[in-house]
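First the structure, in the form of structure tokens, and then the observations on it.
We did not get these values from a lab; they are worked out from the coordinates using the rules stated. The shown structure was predicted, so the numbers you read here are calculated from the model rather than taken from an experiment. Counting neighbours? That spans all protein chains shown, and the Cβs are built from the backbone with ideal geometry, glycine included.
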Amino acid sequence: PMGARRAAGGGSMNAGGKVPLGLKRKGLRIVVTGGAGFVGSHLVDRLIARGDSVIVVDNFFTGRKDNVAHHFGNPRFELIRHDVVEPILLEVDQIYHLACPASPVHYKFNPIHKTNVVGTLNMLGLAKRVGARFLLTSTSEVYGDPLQHPQVETYWGNVNPIGVRSCYDEGKRTAETLTMDYHRGLEIEVRIARIFNTYGPRMCLDDGRVVSNFVAQALRKEPLTVYGDGKQTRSFQYVSDLVEGLMRLMEGEHVGPFNLGNPGEFTMLELAEVVQETIDPNARIEFRPNTADDPHKRKPDISKAKELLGWQPSISLRQGLPLMVSDFRQRIFGDQKSTAA
Ligand code: NAD
Ligand code: UDP
Ligand code: UDP
């Protein structure tokens, strides 16, 4: 379903150059940093399925080998244990740069400025050396606790530079700056995605994010922990919609930044209700104090991605949640090694 994607089955591009029409598309060589993580592993599945060769670079800080184990033995797949903070030499056509712990629990435990700054610099250096196209997975967190709603890409954001979330927010803002500097100064081909809250199978079980928390809690018959008054909002995107958007962005002509998210906006109490409907109507709700600097609301304006990438999400929260629940059920109660597609 990559209808509008230029490099789909037939004619294709290779590091900026074009393969003449009529020639069969040659698989691209693609590196996915953070490819053993939640989003990265789903992206790898799609790239392998369309015939590309994929190198995953991951230090397994939050990712798991299990997420990509089904590709072991495929000659078009390679897994390298490597921290992107260290330089690396590879020969590739495209770089999807995802490496970065994304959950507040993880990034507060181990502030990740180095990964976002030095790691991004190294991947841009790699893009420069081999002439590869570079895609950064930035975040809606660059908008901070937004004073504009919904958030449009032209909004500069409202970020606390010295708070507990700053390592992530400011780290990604720096990564965006580096990306644009390499683009303007060195003519590197770049793409920037600002990803809004995403959920789906293979999410880390205990990473503290709200959807994984509620789903695991409901399955384990524990109370759903709602932080604060539960009236803060988020917009939840199913992972396959995001992967489609990332690939369209990479193959398209536009640098971005592009918001990639589902505009369906829910309070945390409404999310808890959807989880109750989906898993256990008797699940109890327990209120907990909220964390510092928690954004009060968040919802993407996706007009730009709709217009320029021909992209919009197609899976609603009520459709996507059950797909994640079956994976979580298996991982919590069944074979710990199982991975869902
Ligand atoms: P994840 O934690 O599941 O995946 C991140 C991967 O990066 C993991 O496999 C981890 O081991 C790896 N990694 C971390 N630091 C590394 C390093 N220094 N060197 C090499 N590998 C490293 O998170 P995810 O949800 O899949 O997020 C992927 C990307 O998307 C991240 O850049 C994140 O900031 C961004 N993002 C995600 C969301 C979301 O809701 N999931 C929202 C906004 C942005
Ligand atoms: N780099 C890398 N792989 C490469 C090329 C560069 O990891 O194939 C790293 C390099 O070690 C440096 C960073 O990317 O730390 C930025 O590289 P660039 O060439 O842009 O900057 P310079 O090395 O000239 O400071
Ligand atoms: N949250 C919650 N219960 C939880 C975990 C999180 O109510 O068990 C809230 C959290 O305070 C925030 C929202 O859910 O308002 C989204 O948090 P998450 O960490 O998933 O993502 P982010 O804050 O990065 O958007």
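Sorted largest first, the spans of the alpha carbon positions of the stretch 122-178 along the three principal axes are 40, 24, 13 Å. Could you please state, rounded to a whole Å, how far the C-alpha centre of the stretch 166-191 is from the C-alpha centre of the stretch 244-266? If you average the Cα positions of each part, the centres end up 17 Å apart. When the alpha carbon gyration tensor of the stretch 66-199 is reduced to an equivalent ellipsoid, its three semi-axes come out at 26, 19, 14 angstrom, largest first. Spin-label model, PHE60/PHE333: points 7 Å from Cα along the beta carbon direction are separated by 2.9 nm. Compactness ratio for the stretch 134-285: Cα radius of gyration over 2.2 N^0.38 Å (N = residue count) comes to 1.16. Where Rh denotes the Kirkwood radius from the mean inverse Cα pair distance, what is Rg over Rh for the stretch 262-341? Answer for the stretch 262-341: 1.04. Convert 10 °C to kelvin, take the viscosity as 1.306 mPa s, use the Kirkwood radius over C-alpha pairs of the chain as Rh, and evaluate the Stokes-Einstein diffusion coefficient in µm²/s, rounded to a whole number. Here the translational diffusion coefficient equals 78 µm²/s. Note on TYR227, TYR182: ascending count of other Cβ atoms within 10 Å places them as TYR227, TYR182, the fewest first.
With the cut-off at 28 Å, tell me which of the pairs LYS65/LYS297; LYS221/LYS306; LYS65/LYS172; LYS26/LYS128; LYS26/LYS114 have Cα atoms farther apart than that. Correct reply: LYS65/LYS297; LYS221/LYS306; LYS26/LYS114.
Note on SER314 and ILE88: the model spin-label points, each 7 Å out from Cα along the C-beta direction, lie 3.2 nm apart. Based on alpha-carbon atoms, the Kirkwood radius and the radius of gyration of the stretch 181-265 give Rg/Rh equal to 1.11. Net charge dipole, the stretch 175-232: roughly 300 debye, given to the nearest 20, about the Cα centre with Cβ charges of +1 for Lys and Arg and -1 for Asp and Glu. Counted by Cβ distance under 12 Å from ASN122, the other residues give a net charge of +1, where Lys and Arg count +1 and Asp and Glu count -1. For the stretch 182-341, the Cβ-based charge dipole about the Cα centre amounts to some 140 debye (Lys, Arg positive; Asp, Glu negative; other atoms uncharged). Taking the Cα centre of the chain as origin and assigning +1 to Lys and Arg Cβ atoms and -1 to Asp and Glu Cβ atoms, the resulting dipole is close to 760 debye. Checking understanding here: applying a Kyte-Doolittle mean of at least 0.0 and a length along the axis of at least 20 Å (C-alpha), which whole DSSP H helices in the chain pass? In the chain, the long hydrophobic H runs are 317-333.
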